Amino acid sequence: MKFNKTLLSAAAALIISPAVSFAADIPVNVRVEAVIPTADGLRVDTKDWGGVTQNMSYDINSDTLSPIRKQLSVKSNADVYAYLQSPASLTSGDDSLSLTVALGATELKVGAANKAEIAKKADAEATNGKTMDLTITAADAPSTGYVAGSYIGEVMMMFESTPASGGSGK
């Protein structure tokens, strides 16, 4: 009887050992960000789409990429300006597609020296600030068509406003 218990214990250990030896730690990272502006500071609200990957759908019949259209709101007690921090593009390996970024009718350019006014003080101070359309458009396909690939990129916009002193900004 003792032999059977020993044999069963050894068999159980052999069965369990491989499962235990394959155990591994799996890290999970969560990116968390919180920006709390001062009462007089600039606020930019992207609702629920900010920080979420946006998809440009490809139309096989027309060889075009659909523009991304979203809304964002800015609020400040001063004029609001915006610009791109770097050229907006999508890349796949060595291939690249230029992107055009516009807020309302204003096309954003690269660099602080090229910042564009996107909201006048009166509009930015309104109870809900100023809401405008953000449109990101891919360059037209060349005559040979787009090069096949999985393209990815990041559009980095910077918003600036110099609050007037003494305002509540709310």
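The values are calculated or read from the model by the stated rules, or taken from the named source; none is laboratory data. Predicted model only: the values in this text are computed from it and were never measured. So basically every Cβ, Gly included, is an ideal-geometry build from the backbone, and we count neighbours across all protein chains shown. Accessible surface areas use protein heavy atoms only, side chains included; no ligands, DNA or RNA. Shrake-Rupley method; radii C 1.70, N 1.55, O 1.52, S 1.80 Å.
Assorted remarks:
- Condition met for Lys47 (outside any strand (DSSP E or B) and in contact with a Lys or Arg (Cβ under 9 Å, 6 or more places away or on another chain)): yes
- Candidates Ala105, Ala113, filtered to the one that is without any contact (Cβ under 8 Å) to a residue 24 or more places away in the chain and within 25 Å of Asn55 (Cβ to Cβ): Ala105
- Filter pass, Val101 being part of a strand (DSSP E or B) and under 16 Å from the mean Cα position of the chain (by Cα): yes
For (1) loosely packed, with under 15 Cβ neighbours inside 10 Å; (2) more than 13 Å from Thr135 (Cα to Cα); (3) of a type in the set (Lys, Arg), each residue gets a yes or a no:
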site	(1), (2), (3)
Asn61	yes, yes, no
Ile68	no, no, no
Ser73	no, yes, no
Ser76	no, yes, no
Leu103	no, no, no
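- Count of the range 118-137 residues, restricted to those that are open to solvent by 50 Å² or more (accessible area, probe 1.4 Å), under 22 Å from the mean Cα position of the chain (by Cα) and farther than 15 Å from Arg69 by Cα, is 1.
- Number of positions in the range 78-92 that are surrounded by 17 or more Cβ atoms within 10 Å (Cβ to Cβ) and part of a strand (DSSP E or B): 6
- Cβ-Cβ distances below 7 Å connect the following pairs, each with a first residue in the range 138-159 that is without any contact (Cβ under 8 Å) to a residue 60 or more places away in the chain and open to solvent by less than 80 Å² (accessible area, probe 1.4 Å), a second residue that is in a loop (DSSP other than H, G, I, E, B) and not basic (Lys, Arg), and a separation of six or more residues or different chains: Gly149/Gly93.
- The set of residues in the range 31-59 that are at pLDDT below 75 and open to solvent by 60 Å² or more (accessible area, probe 1.4 Å) comprises Arg31, Val32, Glu33, Ala34, Val35, Ile36, Thr38.
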